[in-house]
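Below: the structure, in structure tokens.
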Amino acid sequence: EAGVAQSPRYKIIEKRQSVAFWCNPISGHATLYWYQQILGQGPKLLIQFQNNGVVDDSQLPKDRFSAERLKGVDSTLKIQPAKLEDSAVYLCASTFAGWGSRKNSPLHFGNGTRLTVT
Amino acid sequence: AQKITQTQPGMFVQEKEAVTLDCTYDTSDPSYGLFWYKQPSSGEMIFLIYQGSYDQQNATEGRYSLNFQKARKSANLVISASQLGDSAMYFCAMRGDTGRRALTFGSGTRLQVQP
């Protein structure tokens with residue numbers, strides 16, 4: 001089966017510019033996550049979708065970050081305007097698990113988008 | 001709230017030897033799952049092994065095993081017969097409650113296998 005697809009692979013922008021990332025999860029996976037991984041740290045959850053609904057966006061900086069998952073498949077994450085501290089790898093992950101999901105369902109990750117804000 | 005602590009920023013091991021990567025956790029959930037992921041320099045996150053909080057036996061997957069000590073809230077990863085390709089970042093993560101929540105990750109341990 002095809003894995004989680006993300007694009008672009010790399011992006012360099014200046015501060016105050018906007019940027020968008022795209023994610024296509026594994027076919028049939030109901031749950032989609034966006035994580036931010038700053039260099040030298042573990043991934044931190046930004047937002048979790050169940051189909052096209054938001055389950056958890058408590059750690060999403062909503063003044064500048066937005067995400068959507070129209071039709072419950074692909075998702076886009078946008079940053080507007082970007083700050084220097086947004087430089088990180090943005091990881092998209094998906095899992096088959098739906099509501100009442102099993103705890104042992106691992107997340108399947110894409111290769112990430114490395115964002116550099118100058 | 002859930003918290004994962006990995007106290008070893010870096011570890012060295014000789015090829016063919018075994019190595020233990022430490023992970024402690026804290027949660028108020030009565031039921032939870034623990035995961036280990038490997039992240040090579042290429043950046044992808046690779047799922048290695050899972051341990052459920054009520055599993056009677058410690059999980060094993062090939063050369064990976066999980067030393068789960070529930071009372072101590074620890075879930076250490078043991079890699080046997082280390083290979084050069086094991087050099088990577090290793091992350092411990094957990095998911096609690098019904099499984100609807102996302103994984104919470106630790107800060108990671110960088111393992112370097114020396115020939």
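The values are calculated or read from the model by the stated rules, or taken from the named source; none is laboratory data. Values in this document were obtained by computation on a predicted structure and should not be read as measured data. With ideal geometry, Cβ positions are generated from the backbone for all residues, glycine too; neighbour counts draw on all protein chains shown. When the accessible area is computed, the model is the full protein with side chains, heavy atoms only, and any ligands, DNA or RNA have been set aside. Shrake-Rupley method; radii C 1.70, N 1.55, O 1.52, S 1.80 Å.
What does the charge add up to near B:LEU77, with Lys and Arg as +1, Asp and Glu as -1, over the other residues with Cβ less than 14 Å from its Cβ? Numbers along the way, then the final one.
Details: positive: B:LYS38, B:ARG63, B:ARG110; negative: B:ASP22, B:GLU61, B:ASP86.
Here the charged neighbours net out to 0.
Compute the whole-percent fraction of alpha carbon pairs in chain B spaced more than 23 Å apart. Write out the running numbers ahead of the final one.
Values: 1556 of 6555 pairs.
Tail fraction, whole percent: 24.
Between B:ALA1 and B:TYR54, what's the calculated FRET efficiency when r is the beta-carbon distance and R0 is 22 Å? Round to 0.05. Write down the numbers at each step before the final one.
Numbers: r = 21 Å, r/R0 = 0.96.
Result of the calculation: an efficiency of 0.55.
Taking chain A on its own, what percent of its Cα-Cα pair distances exceed 25 Å? Present the calculation step by step, with values, prior to reporting the outcome.
Values: 1194 of 6903 pairs.
Here the tail beyond 25 Å accounts for 17 percent of pairs.
When chain A is treated as a GNM, springs tying every alpha-carbon pair under 10 Å, which of A:LEU70, A:LEU32, A:LEU45 comes out with the largest mean-square fluctuation?
Judging by the Gaussian network model, the answer is A:LEU70.
Along the charge dipole of chain B, pointing to its positive end and built from +1/-1 on Cβ of Lys, Arg, Asp and Glu, which listed residue (B:ALA1, B:SER41, B:SER82) has its Cα farthest out?
The one lying farthest along the dipole's positive direction is B:ALA1.
Over the protein assembly as shown, average the accessible area per residue using a 1.4 Å probe and give it in Å², no decimals. Kindly include the intermediate steps, with their values, before the conclusion.
Numbers: 11330 Å² over 233 residues.
Per-residue value: 49 Å².
Looking at chain A as a GNM with Cα springs under 10 Å, which of A:GLN48, A:GLN36, A:GLN80 has the largest mean-square fluctuation?
Checking each option, the largest mean-square fluctuation is seen for A:GLN80.
Report ³J(HN,Hα) in whole Hz for each residue of region B:50-66, in order, from the Karplus equation J = 6.51 cos²θ - 1.76 cosθ + 1.60 where θ = phi - 60°; Gly and Pro get x.
Using θ = phi - 60°, the values come out as 10, 9, x, 5, 9, 5, 6, 10, 5, 6, 9, 9, x, 7, 9, 9, 10 Hz.
Leaving out same-chain residues fewer than 8 places away, which aspartates and glutamates sit with a Cα under 15 Å from that of A:LYS78?
A:GLU14, A:ASP57, A:ASP63, A:GLU68, A:ASP86
How large is the dipole of the protein assembly as shown about the Cα centre if only Lys and Arg carry +1 and Asp and Glu carry -1, each at its Cβ, rounded to the nearest 20 debye? The partial results should precede the final answer.
Values: 25 positive and 19 negative charges, 74 e Å.
Dipole about the Cα centre, nearest 20: 360 debye.
Please give the FRET efficiency for B:ALA81 paired with A:ALA2, using the beta carbon to beta carbon distance and R0 = 30 Å, rounded to the nearest 0.05. Provide the component values of the computation, followed by the final result.
Working: r = 32 Å, r/R0 = 1.07.
Given R0 = 30 Å and the Cβ-Cβ separation, E is 0.40.
Return the value, in Å² to the nearest 100, of accessible area buried between chains A and B (probe 1.4 Å, both sides summed). Mind dumping the intermediate values first?
On the way: alone 6800 and 6290 Å², together 11330 Å².
Approximately 1800 Å² gets buried when A meets B.
Excluding A:LYS78 itself, what net charge comes from residues whose Cβ is under 10 Å from its Cβ, given Lys and Arg +1 and Asp and Glu -1?
The answer is 0.
What is the Cα convex hull volume of region A:48-93 when expressed per residue in Å³?
Numbers: hull volume 3.6 nm³, N = 46.
Each residue corresponds to 78 Å³ of Cα convex hull volume.
Could you name the lysines in cross-link range of B:LYS70, using Cα to Cα under 24 Å and dropping any fewer than eight places away on the same chain?
Once the sequence-local lysines are set aside, what remains near B:LYS70 is A:LYS103, B:LYS3, B:LYS38.
So if I average 1/r over every pair of distinct C-alpha atoms in region B:38-103 and take the inverse, what Kirkwood radius in Å does that give?
On the way: mean 1/r = 0.0752 Å⁻¹.
Across region B:38-103, the inverse of the average 1/r is 13.3 Å.
Quick one: net charge around B:LEU48, please, counting Lys, Arg +1 and Asp, Glu -1 for every other residue with C-beta under 12 Å from its C-beta. If you can, show how the numbers build up before the last one.
Values: positive: B:LYS38, B:ARG63; negative: B:GLU61, B:ASP86.
Every neighbour counted, the sum reads 0.
For B:LYS73, which aspartates and glutamates qualify as cross-link partners when the Cα separation must be under 17 Å and same-chain residues fewer than eight apart are set aside?
List returned: B:ASP22, B:ASP26, B:ASP29, B:ASP55, B:ASP97.
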